[in-house]
Amino acid sequence: MKHLGQNLALILTTAWVGGLWAIGYLAAPVLFNYADNKQLAGMLAGHLFSWIAYVGLFSSAYLLVHFSMQFGLSIFKQAIFWVVLLMLLLTLAGQFGIQPVIAELKIQALPADVMHSLFADRFKTWHGLASIAYLAESLLGLVLILKLRR
């Protein structure tokens, strides 16, 4: 039982970071490369990104509590705390900041595809921000995995 908390931290981190990499760098590219309907591919990818964001929110909440219990007040001196916190903030920004803007641009573009509308430039800008945030979160996930292995 003593190691249950640490084992759960490893399992949740594996699900979160593995999901980030599997969805962002395997599933989404496959959807866009092989689906004839890019709007459908975008919708499906969006659902996958939302699901992994919620996995991230749950996992980061557990990890922050777990590390707080493990390190006490010295948690603020621990790099692993800051990595999880940054990942959490990127997840929140993506899911509740950037994605709603992207979704609204898609709605405003209807019935046209957003990439063939007056909103294409704004969509590309926001999509680029989402991609940068996702890449940063993915790379921080690698740091998190390496820190947990120590």
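Every number in this text was worked out from the coordinates using simple rules, so none of it is lab data. Treat the numbers as computed from the prediction; the structure is a model and nothing was measured. Counting neighbours? That spans all protein chains shown, and the Cβs are built from the backbone with ideal geometry, glycine included.
Identify which of L135, L73, L26 has the largest mean-square fluctuation in a Gaussian network model of the chain, with springs joining Cα atoms closer than 10 Å.
L73
Run the numbers on the stretch 1-68 and let me know its relative contact order in percent, using alpha-carbon pairs under 8 Å that are six or more apart.
Numbers: 28 pairs, mean separation 31.9, N = 68.
Reported as a whole number, the value is 47 percent.
Quickly work out the T14-to-Y34 label distance, labels modelled 7 Å from Cα along the C-beta direction, and quote it in nm with one decimal.
Placing both labels 7 Å along Cα→Cβ, they lie 2.6 nm apart.
In percent, what relative contact order does the chain have, based on Cα pairs under 8 Å that are 6 or more apart in sequence? Spell out each step's value before the answer.
Numbers: 102 pairs, mean separation 40.8, N = 150.
Relative CO of the chain lands at 27 percent.
Can you tell me how much longer the chain between L86 and L118 gets when fully stretched, taken as 0.36 nm per residue apart minus their C-alpha distance, in nm with one decimal? Show your work: numbers first, answer last.
Numbers: separation 32, 0.36 × 32 = 11.52 nm, distance 3.39 nm.
Result for the pair: 8.1 nm of gain on full extension.
For the chain, how many pairs of lysine residues have a Cα-Cα distance under 25 Å, where the two are 8 or more positions apart or belong to different chains? Please report the intermediate quantities before stating the final value.
Numbers: K2/K77; K2/K147; K38/K106; K38/K124; K77/K147; K106/K124.
Lysine pairs, 8 or more places apart or on different chains, close enough: 6.
Connecting C-alpha atoms closer than 10 Å in a GNM of the chain, tell me which of G19, G46, G56 has the biggest fluctuation.
G46
Mind checking the angle between helix 120-148 and the chain's longest principal axis? C-alpha axes, 0 to 90 degrees, to the nearest 10.
The helix 120-148 is inclined about 20 degrees to the chain.
At R0 = 22 Å, how high is the FRET efficiency between N7 and L139 if r is their beta carbon distance? Nearest 0.05 is fine.
Numbers: r = 25 Å, r/R0 = 1.12.
Calculated value: 0.35.
Given that just one value was derived from the coordinates, which of (i) 29.8, 86; (ii) 17.5, 58; (iii) 15.5, 46 is Rg and Dmax of the Cα atoms in Å?
So the calculated entry is the one marked (ii).
Could you state the angle between the C-alpha long axis of helix 4-22 and the longest principal axis of the C-alpha atoms of the chain, as a value from 0 to 90 degrees rounded to the nearest 10?
20
What's the local net charge at N37, with K and R +1, D and E -1, over the other residues with C-beta under 15 Å away? Can you show the working numbers first?
On the way: positive: K38, K106; negative: D36, D113.
Computed value for this residue: 0.
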